[in-house]
1. Averaging the inverse of every distinct alpha carbon separation and then flipping it gives the Kirkwood radius. What is it for segment 1-104, in angstrom units?
2. Would you calculate the separation in nanometres between label points at Leu98 and Cys115, each defined as 7 Å from the Cα along the Cα-to-beta-carbon direction?
3. How much length, in nm to one decimal, is gained on full extension between Phe78 and Leu62, taken as 0.36 nm per residue of separation minus their Cα-Cα distance?
4. What nm distance separates the two modelled labels at Gln26 and Leu137, each placed 7 Å from Cα along Cα→Cβ?
Amino acid sequence: MPPNRVLPKPPPTRDPNGLNSHLTIQFPDVLAEQNSPKSLDIIWDCSEIWYSCWSACCYGLLTLFTGPCIASVWACQFAYVAFAHVWCLSPILINVRLCMFDCLQRGVRSVINCCIVPWTTACGSFFHLCPVKRKPLIPAPEVKKPPSPEIMIVIPKGKDVSKSIKRQLGLFMR
């Protein structure tokens, strides 16, 4: 009975948001051969192995020697951005909002009243003189009225037949 082998856990995803998904460059993405002039299969397979090994080796060496330094530079940069926002930019914006909002509001209102309101009023006056005919874009469907109920006249026996008919017809004519 063969021994139970435990498979290693897959490595954690280091790019969960896919920021560098465009950098997955494999051997066929870089080198390709036509069908007619082609190298030996063993050469092609060895070249693919060498490409993968050297790519991983060079990337590993570059990250070994420069990765910590570059990570430190970016950490300092983002720390500075956070510091600037928390300690400088946010208080300045709050100060401007508190002190200058009323002045800015008056200034913007004056610019709107001086520049935009006369222009829109003139356009409104121009278009006010244009006749407008209102038609529905889509004709309304005809609504069929239900048929009126049949008029049933009861003719009484006796001498007041005409009065009874007139009275019954008068009920339906109202």
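Each reported figure results from applying straightforward, stated rules to the coordinates on display, with no laboratory input. Owing to the predicted nature of the structure, the values given are computational and were not obtained by experimental measurement. Please note: Cβ atoms are built from the backbone with ideal geometry, for glycine as well, and neighbour counts cover all protein chains shown.
1. Numbers: mean 1/r = 0.0496 Å⁻¹.
Radius from the Kirkwood sum: 20.2 Å.
2. A separation of 3.1 nm, rounded to one decimal place.
3. Contour length minus the Cα-Cα distance gives 3.5 nm.
4. So the two model labels end up 5.1 nm from each other.
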